[in-house]
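A short write-up of the structure that comes next.
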Amino acid sequence: MAEATLSSVGIDPGAAAASRRHLISRIVIYGLLVLFALVYIVPLFVVVFNSMRTLPEISQNGLIAFPRSFHLEGWPQAWSSFCIGGQCEGMQRYFWNSVMMVVPATIISTMLGALNGYILSKWRFRGSEVIFGMMLLGVFMPGQIALLPWAFLLGQIERLTGLDTANSVYGLVLVHCIQGLSFTTLFCRNYFVGIPDDLVKAARIDGAGFWRIFFKIILPISPPILIVTVIWQFTGIWNEYLFGVVLNSGANQPITSALVALSLNGTTVRTYDVMSAAVLIGALPPLLVYFFGGKYFVRGLTQGAIK
């Protein structure tokens, strides 16, 4: 009891005040973080709840309300039978268009970016820094500048080769592979610079060539930055709207174009339940990618920064 009294008497007032200020600052910081999190997460909850409510309930209680009963009739309708742009096939065609576009474009652009980063960091040549600087310009170049050149190029490729590139998913794959090279090259090159050059020199002394070093040494120690690049490319390509709506039309457009057409539907009756389900169908792939790979994304960026 005496020791407790002495210890209480011996408390430094400055330390106690600093502790209180620290506690208050932490409360303010976490309070602001919770507030910002709610601002970002509330729209998602509104869409999820509306996708599980009936249209009469939404009309009666408003868009922002907890569901009184759960109904999923809007989901199959949004997937297979809802009319979008004059075609009553739901979101499924546009969803698969985006899948066929984003998967090969992500894989190809990531591999090309890794190869470019490997060359520009470990096989430097005269003018390599100039080439890297020119490629870096693509990071800051808005997509609108490339619309007309891409439209002309895709048309010329189809005319000269007979390949179905104009107004097709394959044309969008080519567009996103090239458009994404600036980012993938930047990510991979900056990461590969941190790999010791002595490791590559030792492999070359042992007789390993260009491709063997790349596949046996560089790639096995590069999963963090490859995961970052894949997540970046996947979400960026999936959510991209400009090229999809300008270069393609009708049933060949990706899901983002279908969602915009859905929101601009000229009908007087707004089927908010079906529209909410359609929005969630379009948002599920990038949400799942971030849900399962978000920690690897942050870890990869951090490791790249440390290196």
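Considering only segment 268-285, I want to know if a residue exists there that is in contact with a Phe, Trp or Tyr (Cβ under 9 Å, 6 or more places away or on another chain), modelled with pLDDT of 90 or more, within 17 Å of Met100 (Cβ to Cβ) and part of a loop (DSSP other than H, G, I, E, B).
Checking segment 268-285: not a single residue is in contact with a Phe, Trp or Tyr (Cβ under 9 Å, 6 or more places away or on another chain), modelled with pLDDT of 90 or more, within 17 Å of Met100 (Cβ to Cβ) and part of a loop (DSSP other than H, G, I, E, B).
Got at least one residue in segment 147-167 being farther than 15 Å from Phe243 by Cα, among the hydrophobic types (A, V, I, L, M, F, W, C) and outside any helix (DSSP H, G or I)?
yes
Taking segment 246-260 as the region of interest, how many residues are polar (S, T, N, Q) and open to solvent by less than 40 Å² (accessible area, probe 1.4 Å)?
4
Which one is modelled with the lowest pLDDT among residues in segment 80-119 that are surrounded by 21 or more Cβ atoms within 10 Å (Cβ to Cβ) and among the aliphatic types (A, V, I, L, M)?
Ile84
Of the residues that make up segment 123-134, is at least one open to solvent by less than 40 Å² (accessible area, probe 1.4 Å), part of a helix (DSSP H, G or I) and within 28 Å of Val245 (Cβ to Cβ)?
No: segment 123-134 contains no residue that is open to solvent by less than 40 Å² (accessible area, probe 1.4 Å), part of a helix (DSSP H, G or I) and within 28 Å of Val245 (Cβ to Cβ).
Can you pull out every residue in segment 168-197 that is open to solvent by less than 40 Å² (accessible area, probe 1.4 Å) and either part of a loop (DSSP other than H, G, I, E, B) or over 27 Å from Leu137 (Cβ atoms) (or both)?
Listed by number, the residues that qualify are Ser168, Val169, Gly180, Gly194, Ile195.
Quick one: Arg53 ticks every box in (1) farther than 29 Å from Phe234 by Cβ; (2) open to solvent by less than 40 Å² (accessible area, probe 1.4 Å); (3) at pLDDT 90 or above bar one, so which box is it?
The single condition Arg53 does not satisfy is (3).
Look at Ile29 and say whether it is open to solvent by less than 90 Å² (accessible area, probe 1.4 Å), farther than 28 Å from Ala251 by Cα and aliphatic (A, V, I, L, M).
In short, yes.
So if I check each of Ser69, Ser59, which one is part of a helix (DSSP H, G or I) and modelled with pLDDT under 90?
Ser59
I need every pair where a residue in segment 35-52 that is within 13 Å of Ile64 (Cα to Cα) has its Cβ under 6 Å from the Cβ of a residue that is open to solvent by 50 Å² or more (accessible area, probe 1.4 Å), sequence separation at least 6 or different chains.
These pairs meet every condition: Val46/Ile64; Val47/Val279; Asn50/Tyr272; Met52/Phe70.
For segment 198-245, which positions are in a loop (DSSP other than H, G, I, E, B) and surrounded by 15 or more Cβ atoms within 10 Å (Cβ to Cβ)?
Correct list: Ala208, Ser222, Glu240, Tyr241.
The values are calculated or read from the model by the stated rules, or taken from the named source; none is laboratory data. Keep in mind the model is a prediction, meaning the values are calculated, not measured. Note: ideal-geometry Cβ built from the backbone for every residue, glycine included; neighbour counts use all protein chains shown. When the accessible area is computed, the model is the full protein with side chains, heavy atoms only, and any ligands, DNA or RNA have been set aside. Shrake-Rupley method; radii C 1.70, N 1.55, O 1.52, S 1.80 Å.
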